[in-house]
Amino acid sequence: SLVYANGYRVIVSKKYITTTNSSRTKRFDNLLVGKQIDSLNQVWVSDISFYWISDRFYYITIIMDLYSRFIVGFHVSDSLRTVHTSLPALKHALTTRRISQYNDQLIIHSDGGGQYYCIDFIKQTKKAGILNSMGEIVFDNSHAERVIQTIKSQYLKHYNPKNFKELKKQTERAIQMYNFEKPHV
């Protein structure tokens, strides 16, 4: 168009911030390749994402049942350490769902973030009888990435938390709304 030809356009700069550093890391096999998901507690997917308030980052960790799309565990923290992200989210999920009543062995699938291959996290999954699985590329964990973006953009953005305490409260509210008010097909 004439506008673009004359150099008039808005240039949008994007900030790319990641919570995953997968370089030189141990990886679990991707156990979801070719797996048919047909019941609860077969596969849980998890992701960690940042949330910016004022001048600092906070972190939201979710664990979602892949079959039901129900968020079974979550945690909000001010640190990316395993004890503040994936571990409390996993403990929350294990209290939400009683996995021992199901026949299939549960798989927890994530990206290659260090919080998912940390010794403490692996001990907890082993103790619960959960198999660890990791994707190799971002699209291998798209369900978890999508749900956490939904929580952030369709709920938290509108709730507009002003501090860490509000973020924790509003994240819980958002997940309740997502789980119980939004129909999952």
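Return the aspartates and glutamates within reach of LYS169: Cα separation strictly under 15 angstrom, same-chain partners fewer than 8 residues apart disregarded; answer none if there are no such residues.
ASP78
Apply 1/(1 + (r/R0)^6) to the Cβ-Cβ distance of ILE119 and LYS152, taking R0 = 30 Å, and write down the FRET efficiency to the nearest 0.05. Intermediate results must be reported in sequence, preceding the final value.
Details: r = 29 Å, r/R0 = 0.98.
For R0 = 30 Å, the calculated efficiency reads 0.55.
With a Förster radius of 25 Å, plug the Cβ-Cβ distance of ARG173 and SER79 into 1/(1 + (r/R0)^6) and report the FRET value to the nearest 0.05. Display every interim value, and only then the final one.
Values: r = 22 Å, r/R0 = 0.89.
Between ARG173 and SER79 the formula returns 0.65.
Just need the Rg to Rh number for region 39-185, please, alpha carbons only, Kirkwood Rh.
Numbers: Rg = 14.5 Å, Rh = 15.3 Å.
Ratio value, two decimals: 0.95.
With a point put 7 Å past each Cα toward its Cβ, work out how far LEU131 is from ASN160 in nm, to one decimal.
According to this spin-label approximation, the distance is 4.7 nm.
Ranking request for peptides 144-152, 71-79, 51-59: highest mean number of other beta-carbon atoms within 10 Å first, then the rest in descending order. Provide the component values of the computation, followed by the final result.
Details: 144-152: 18.6, 71-79: 20.4, 51-59: 13.3.
Put in order of decreasing packing, that is 71-79, 144-152, 51-59.
Please state, to two decimals, what the Cα-based radius of gyration of region 84-153 comes to when divided by 2.2 N^0.38 Å (N = residues).
On the way: Rg = 12.6 Å, N = 70, 2.2 N^0.38 = 11.1 Å.
So the Cα radius of gyration is 1.14 times the expected 2.2 N^0.38 Å.
Just so you know, all these numbers are worked out from the coordinates, no wet-lab data involved. Not measured: the values here are computed from a predicted model. A quick note on method: Cβ atoms are made from the backbone with ideal geometry, for glycine too, and the neighbour counts reach across all protein chains shown.
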